[in-house]
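Each remark here refers to the structure printed beneath this line.
All of the numbers you see were taken from the coordinates with simple rules; none came from a lab. Fair warning: this is a prediction, and the values are worked out from it, not measured in the lab. Virtual Cβ from ideal backbone geometry, glycine too; neighbours counted across all protein chains shown.
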Amino acid sequence: MTDDVKEIFTGGTAPPAPAALAAKVRTLAPSMTRSMQRVAEAVAQDPAGCAALTVTGLAELTGTSEATVVRTARLLGYPGYRDLRLALAGLAAQQQSGRAPAVTADIAVDDPIADVVAKLAYDEQQTLADTAAALDTVQLGAAVAALAQARRVDIYGVGASSLVGQDLAQKLLRIGLIAHAHTDPHLAVTNAVQLRSGDAAVAITHSGSTGDVIEPLRVAFDRGATTVAITGRPDGPVSQYADHILTTSTARESELRPAAMSSRTSQLLVVDCLFIGIAQRTYETAAPALAASYEALAHRHGPRTR
């Protein structure tokens, strides 16, 4: 693995805290080899048991090699296996002092509606916690700075991600920024051609490989605009054209709850973080603009008069 690839996965920051380990595993597991996935799944499912194992013991448990265990530890952001063991011990201690409720998000077709509510609520909470734990705040701060001073912001997304893109656009518009969310791939590309240095473009794609989103981002990147990717796959093709990568949680998919639903939760959290950061940075202009937008709509929320 090259240093550049390591930088993508670790974010060039300190090893993740114990609480962030499970989130890191869920986010990066889909991009790992099958043998590395076995190691990652083992440490996430039984941190206490794995913390007691040597590198040889974990390799035997997962049917892999010592080298695979070490590579997995490094991919998760730890300098070596010793550091991973310390994080596992810390995570195990946290779980014993306040274990999460034993509820699964696997919704059956005959589940009572009360169980559906409980399972979805727990899964949403986990998705938000995972995203917050894994989000690189240095990358977030850089993206906030770029969008706050941009002459214009173009946003690309399709499907469920397009709804998130529209949410970001309307938020930015209400604080006085020029922002457009493009859902038509042809219009997205033709608008991206008009971007230049001083502009910004945001691509939202859970898979990191959606062609209709990557193409306009590539054009924007080539034109000199600052580019941001909100994605669940920081190693995906979209990252080639992103100056800043904001990683979202990769929640488990089920028959009754496709990835489009669970990914949207984490994407919306990142969008809210971007918005608040930009509003803080541009407060002197953002606050009056937001107040004006509230005032313009106030009559629509009050009682009707004849």
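Structural remarks
- Trypsin sites (Lys or Arg not before Pro) restricted to region 174-240 and DSSP loop, no more than 16 other C-beta within 10 Å: ARG196, ARG223
- Packing rank of 284-293, 61-70, where each peptide gets the mean count of other beta carbons within 10 Å, highest leading: 61-70, 284-293
- Placing unit charges on the Cβ atoms only, positive for Lys and Arg and negative for Asp and Glu, gives region 63-201 a dipole magnitude near 680 debye about its Cα centre.
- Three-way shape call for region 96-229 based on the alpha-carbon gyration tensor, with the a/c threshold at 1.5: prolate
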